[in-house]
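Peer 1: Handing you a structure now.
The values are calculated or read from the model by the stated rules, or taken from the named source; none is laboratory data. This one's a predicted model, so the numbers in the text were calculated from it and none came from an experiment. Glycine gets a Cβ as well: all are built from the backbone with ideal geometry, and neighbour counts include every protein chain shown. Surface areas here come from the heavy atoms of the whole protein model, side chains and all, with no ligands, DNA or RNA. Shrake-Rupley method; radii C 1.70, N 1.55, O 1.52, S 1.80 Å.
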Amino acid sequence: FPPAVTSPCKILKCNSEFWAATSGSHHLGTEEAPEFCTALRAYAHCTRRTARTCRGDLAYHSAVHGIDDLMVQHNCSKDGPTSQPRLRTLPPGDSQERSDSPEICHYEKSFHKHSATPNYTHCGLFGDPHLRTFTDTFQTCKVQGAWPLIDNNYLNVQVTNTPVLPGSAATATSKLTIIFKSFQECVDQKVYQAEMDELPAAFADGSKNGGDKHGANSLKITEKVSGQHIEIQAKYIGTTIVVRQVGRYLTFAVRMPEEVVNAVEDRDSQGLYLCLRGCPLNQQIDFQTIRSAQATEGRARRKGPSLPAPPEAFTYETATAKCREKLPVEDLYFQSCVFDLLTTGDVNFMLAAYYAFEDVKMLHSNKDKLHLYERTRDLAPGNTAPSGTLPTLWVALLCLSQCWLCLL
């Protein structure tokens with residue numbers, strides 16, 4: 001495939017270099033202050049070099065403010081050497097390793113001491129993209145550009161989706177920004193940002209936890225597979241977030257208590273909260289329209305070479321066989337896999353569907369609702385296909401595969 005359009009903003013590279021230079025800690029003894037200031041100046045110099053291309057980037061602005069704060073805290077001069085010596089790691093017992101968080105920084109202990117275990121919900125985004133909302137509604141959407149997935153009193157999550165192929169309606173997630181808002185004595189505001197080929201194991205300011213507050217360890221990033229899989233635990237709001245890079249694109253999954261999901265001051269703004277409300281109707285993909293459009297493209301290609309060539313050919317049979325390798329149950333994850341292989345030709349979309357379902361198995365609190373068998377647009381949440389009927393999406397895929405066979 002031709003390379004997707006990516007942002008020239010290099011703030012993630014600056015963050016990674018600073019994190020490597022400081023060995024993941026800002027809490028240094030007096031004898032290490034000169035080296036830390038040198039690393040900070042190098043960090044500042046790096047952000048200045050990429051400033052023009054990062055004007056609207058949240059991680060960039062967070063890094064700039066963080067550098068200024070650290071300069072003041074450590075009495076660093078803005079003038080001086082900017083080489084990046086490797087600082088030694090801190091001994092055990094530093095505040096980055098602190099585990100004695102206040103009770104208020106553990107959601108289940110503080111909010112539900114005398115009540116039942118909170119009801120957890122799940123939201124996931126993967127592939128074309130396919131969205132599973134907190135109410136177990138399943139949709140396939142266009143949502144090209146930047147869209148808010150989550151927007152509540154505790155955190156914001158925004159995704160950016162770009163076309164998979166030039167001129168195609170199919171999009172996939174190329175950038176993800178998560179903002180954890182400052183919360184009482186637990187955490188400072190933290191920004192996490194990932195994009196294609198950049199899946200950091202640290203926040204934008206280089207830290208791996210919630211900052212300098214006493215309950216900082218109630219927010220923590222863990223790298224599961226370098227460059228491919230990270231997990232963020234936000235214990236103070238009972239939330240787990242999983243971010244993966246599969247092929248060229250990102251997947252997102254979250255487990256969150258209903259109380260946190262619905263903690264929104266301005267309920268009128270929830271219309272754009274995709275994990276809660278789903279995609280707007282005008283952004284949901286209508287498979288009938290896609291089938292007609294692809295048939296039109298096929299006729300146009302037979303008349304001349306003006307339109308882009310189709311993706312690497314998967315027939316319906318080869319797509320279903322490939323998806324069955326990882327997804328033996330023919331649910332909506334399986335059907336999404338088949339759809340993505342037929343429309344993109346990229347086998348990594350099969351892996352994206354597989355890992356999305358693996359995350360559901362880990363994060364969803366109701367094990368009876370792991371599989372979904374009915375396209376849920378215009379249906380009440382949780383509906384399943386009647387016994388003996390063929391799901392609507394399945395019928396659409398059959399038609400779509402026949403269309404592709406005509407083009408090949």
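Peer 1: Taking a 1.4 Å probe, which of 236, 60 shows the most accessible area, and what order do the others take after it?
Peer 2: Heavy-atom accessible area, descending, gives 60, 236.
Peer 1: DSSP loop trypsin sites (Lys or Arg not before Pro) in segment 139-187 with at most 10 other Cβ atoms within 10 Å of their Cβ, which ones?
Peer 2: When the trypsin sites (Lys or Arg not before Pro) of segment 139-187 are filtered for loop state and at most 10 Cβ neighbours within 10 Å, nothing remains.
Peer 1: Got a sec? What order do 258, 195 fall in by accessible area at 1.4 Å, biggest, i.e. largest, first?
Peer 2: 258, 195
Peer 1: Let me cross-check residue 49: its accessible surface, 1.4 Å probe, with only protein heavy atoms counted, in Å² to the nearest 10?
Peer 2: About 150 Å², rounded to the nearest 10.
Peer 1: Further, regarding this structure: What is the gain in length, in nm to one decimal, between residue 366 and residue 168 on full extension, counting 0.36 nm per residue of separation less the C-alpha to C-alpha distance?
Peer 2: So the chain would gain 67.7 nm between residue 366 and residue 168.
Peer 1: Could you tell me the distance between the Cα centroids of segment 326-372 and segment 144-223, to the nearest Å?
Peer 2: Cα centroid of segment 326-372 versus Cα centroid of segment 144-223: 23 Å apart.
Peer 1: To continue, here is another question. Under 12 Å from the Cβ of residue 365, count the other residues' Cβ atoms, weight Lys and Arg +1, Asp and Glu -1, and hand me the total.
Peer 2: My count for the surroundings of residue 365 gives +1.
Peer 1: In nm, to one decimal, how far is the modelled label at residue 277 from the one at residue 78, with both set 7 Å along Cα→Cβ?
Peer 2: Roughly 4.2 nm, to one decimal.
Peer 1: At 1.4 Å probe size, with no ligands or nucleic acids counted, give the accessible surface of residue 317 in Å², nearest ten.
Peer 2: 110 Å²
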